[in-house]
Structure formats: structure tokens, C-alpha cells
Amino acid sequence: MKKLLSVAFLGLIIGLSACNKNDSGSEMTKVSVRLTDGPGAYDALYLSIKEVRILSSEGESTLAVDSKPFDVLRFRLGKDTLIASQDLPAGRLQEVRLVLNDTGNRVVINGTSYPLTTPSGQSSGVKLKVNETLEAGVAYTMLLDFDAAKSIVQTGNGKYILKPVIRAIPNAVSGSISGMISPAASSPKIYAIAGTDTLGTISDASGKFWFPGVTAGTYKVEIIPVSPYLPKTISDVIVVTGSTKDLGTIVIN
């Protein structure tokens, strides 16, 4: 049996499965933490994760991770990576915290590496509120999408700080939009708009773009390239739950 739930970081997927019991007789479920990311206009974005903390009705559990810094920009356009995996007591999931190491977090821009600081992430952790019951014997998937483009902030003194922007992606009740921009050199900002709801992303170096976790409905996709290229709008983009709407190659004049 499987369930999908979702909360949107940098891109985390938390999959829960395989029931057993610990020494005290409590029913357990395996928690696997994965990470996915939205594109950003950087050469690389390295994170050094210290641990993942899971808060539930059964208490707090700490999941050990490989603290070696990794480039989150490698895991985008539908790709993800395993961060941690551990058996936890079944119960009511309340909060997920991602704790970073004090060093090793950095962004590379035009070949130059800049250290990143995240006061909250380096102390109590980046906090993500969750409200879901972890039932023994039931498999869950929770996708957290980290928006790299919005998460890096340049200060007045030329330094950079990390302020994670995370969007909840309910996989079970959503679809996605993808496409290819030509020429890629137009480097557009791309928006999917439905009423007052607006999602934003950018294309990668090859021109590809992807909107994950899009609620079913009809959207207008606006493409805003850099000068001298002209903006373009695609209307009546219909998103269906459980599928990807591929817009194909979009030529920018």
C-alpha cells in the first residue's frame, strides 16, 4: 500500500515504508530522505548537511547523513538524491528540520566560490511544518522542492547568504509542466499562472525547464527572456493530475 504526501526545500522527498518493531515493541516505519532542486543561475551550489531531525508524536529522531558537501544543482528537472534513511516509530509527523554544518556551504558564480551562511539552518535547522500520520505498513512519499534561484541572497558587502525557499509538492494530487526554450541564450524567467496563483522558474543551460507539483487546471505560461529577445505567452496550458504537460520546443524571437 502506498500514499503520497508532500511538503516543498532546496528539492526533499521523504519516503516511508516497511513496518517492523523496535526493542520496546513500538511499530516502526522506514524513513528515507531525498532531495530535489529547482534551477538557479549559478555554476554550482554546495550544501553540507549535518543531520535531519524528524519531530513526531513519538518524540524527536535524528537521522545521520553523509556530511560531505554536494552540488544540489545536479538534482533538478525530476532528478533527486538520497540524503538519509532510518527506521522511525509510527505516529503523527509534525516537523522536519534540515541542519547544516557550519562550514562547507558555498555558491559558485562565474567561477568564483563564495561561502554561504544560514543562521537558522546552522543552529536549530531549517524548519518544515508537516501534518501527516505515519502508519505502520504504509509507504509514503513527501517531495520538498528547493528553489535555488530564490534561496541565495547577496548582501550589501558582496557576501552571500542562504535563505531556503521551499514549496510543498503534493505528488498525489498534482501534475507538471515541462518544455525547452530555443535559443537557450535567451535565459528567460518562466511563469505558470492560474488566477492569482503564480509559479516561477528559469531554464537551465540547455534551455530545459520544469514545473513540478502543479495543481490540475488551466494555466497561462509567460516567458520573459533577456534583451533583445521578445516575451512570449502560451495560453490554455491544461495540466492533468499524474501527468506531465510537455510544451515541446518554444522558439523565442
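The values are calculated or read from the model by the stated rules, or taken from the named source; none is laboratory data. Source: prediction; values computed, not measured. Cβ sites come from the backbone with ideal geometry, for glycine too, and all protein chains shown count toward neighbours. Accessible surface areas use protein heavy atoms only, side chains included; no ligands, DNA or RNA. Shrake-Rupley method; radii C 1.70, N 1.55, O 1.52, S 1.80 Å.
Here are some notes:
- For T244, the accessible surface of its heavy atoms amounts to roughly 80 Å² (probe 1.4 Å, protein chains only, rounded to the nearest 10).
- Estimated FRET transfer efficiency (I238, T62; beta-carbon r; R0 41 Å; 0.05): 0.40
- Partners for K50 among lysines (Cα-Cα distance below 16 Å; same-chain residues under 8 apart left out): K68, K127
- When the residues T29, T62 are ordered by accessible surface, computed with a 1.4 Å probe over the protein chains alone, the sequence from largest down reads T62, T29.
- Every pair of different Cα atoms in segment 146-253 enters the Kirkwood calculation, which places the hydrodynamic radius at 14.8 Å.
- Computed from label points 7 Å out along Cα-Cβ, the spacing between S178 and D246 is 0.7 nm.
- Pair K129, D43: separation of 7 Å Cα→Cβ label points (nm): 4.0
- Scanning residues 5 or more positions from K208 or on other chains, those with amide H under 5 Å from its amide H are I181, with H placed 1.01 Å from N in the peptide plane.
- Amide H within-cut-off set for Y229, under 5 Å, with H built and near neighbours excluded: none
- Extended-chain gain in nm, criterion 0.36 nm per residue less alpha-carbon gap, T155 and L82: 23.1 nm
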